[in-house]
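Here's the structure we're looking at; comments come further down.
The values are calculated or read from the model by the stated rules, or taken from the named source; none is laboratory data. Model, not experiment: these values are computed from the prediction. For neighbour counting, all protein chains shown are included, and Cβ atoms are generated from backbone atoms with ideal geometry for every residue, glycine included. The accessibility values were calculated without ligands, DNA or RNA, using every heavy atom of the protein model including side chains. Shrake-Rupley method; radii C 1.70, N 1.55, O 1.52, S 1.80 Å.
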Amino acid sequence: GDGKGNFNPSGNITRAEFIKLLVASLSFPETPIGSFNDVSAGDWYHRWVMTAYRHGIVEPDEKGMFMPNPPITRQDIVYYSVKAIEAAGNRLEQAPLYILYRFKDYDQISPFAQSSFAALYYAGIINGVGSDKLGPLYPATRAEAATIIYRMLQALENANNREGL
């Protein structure tokens, strides 16, 4: 929710809110030790951000910042999701980058997120925005974040079931 008892699906989700959702959904053991220059022990999101940091999901920028309050971009959601999947001991098949060429804005994806976009698109965890864009720099909505987390958990469960056969 948005802290006011509403889901607000079309509203933007902040970086801190998404990290909480991601860390909680994959049940990472909490390790809330440390801080960033803009994340302190008294912040509601401190334990979630620091747990993500300790598991290698997030890193501080060159100024030691996490920037918890701005809306998170779609490419950051994609990148952090892949990092979380790997931190949980899972792997997605790495698809070739050319599968993204069908989208008009594939060239707007930052280099750090390109392989993550390809992997999540290939796995069916993400789709485009409309029929011809990925929207890597768009702020993500709460509904988009929830959908990606849900599809990610389904893909991981399906992969674990296949390995168990």
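Residues of segment 36-78 that are of a type in the set (A, V, I, L, M, F, W, C) and under 22 Å from THR141 (Cα atoms): TRP44, TRP48, VAL49, ALA52, ILE57, VAL58, PHE66, MET67, ILE72, ILE77, VAL78.
Of GLY42, GLY56, which residue is farther than 23 Å from VAL129 by Cα, modelled with pLDDT of 95 or more and not polar (S, T, N, Q)?
Being farther than 23 Å from VAL129 by Cα, modelled with pLDDT of 95 or more and not polar (S, T, N, Q) holds for just one of GLY42, GLY56, which is GLY56.
Take ILE109 and decide whether it is over 22 Å from TYR150 (Cβ atoms), open to solvent by less than 40 Å² (accessible area, probe 1.4 Å) and aliphatic (A, V, I, L, M). Taking the combined requirement at face value, the residue satisfies it.
Taking every residue in segment 82-96 that is more than 14 Å from SER27 (Cα to Cα) and in a loop (DSSP other than H, G, I, E, B) and pairing it with any residue that is open to solvent by 50 Å² or more (accessible area, probe 1.4 Å) and modelled with pLDDT of 95 or more, at least 6 positions away or on another chain, the pairs with Cβ-Cβ distances below 6 Å are ALA95/TYR122. The sole residue among GLU30, GLU86, GLU93 that is at pLDDT 95 or above and open to solvent by 50 Å² or more (accessible area, probe 1.4 Å) is GLU86. Within segment 1-27, the residues that satisfy the criterion of being among the small types (Gly, Ala, Ser) and exposed (fewer than 13 other Cβ atoms within 10 Å of the Cβ) are GLY1, GLY3, GLY5, SER10, SER27.
Condition first: among the aromatic types (Phe, Trp, Tyr), in contact (Cβ under 8 Å) with a residue 12 or more places away in the chain, over 21 Å from LEU156 (Cβ atoms) and assigned to a helix (DSSP H, G or I). Can you find one or more residues in segment 52-71 that meet it? It would help to see each step written out before you state the result.
Of all residues in segment 52-71, those among the aromatic types (Phe, Trp, Tyr) come to 53, 66.
Remaining after also requiring in contact (Cβ under 8 Å) with a residue 12 or more places away in the chain: 53, 66.
Filter once more, so that each one left must be over 21 Å from LEU156 (Cβ atoms): 53, 66.
Still in the list and also assigned to a helix (DSSP H, G or I): 53.
For segment 52-71, residues among the aromatic types (Phe, Trp, Tyr), in contact (Cβ under 8 Å) with a residue 12 or more places away in the chain, over 21 Å from LEU156 (Cβ atoms) and assigned to a helix (DSSP H, G or I): present.
Which members of segment 112-145 meet the condition of being in a helix (DSSP H, G or I), open to solvent by 40 Å² or more (accessible area, probe 1.4 Å) and under 22 Å from ASN12 (Cα atoms)? Hits for segment 112-145 are TYR121, GLU144.
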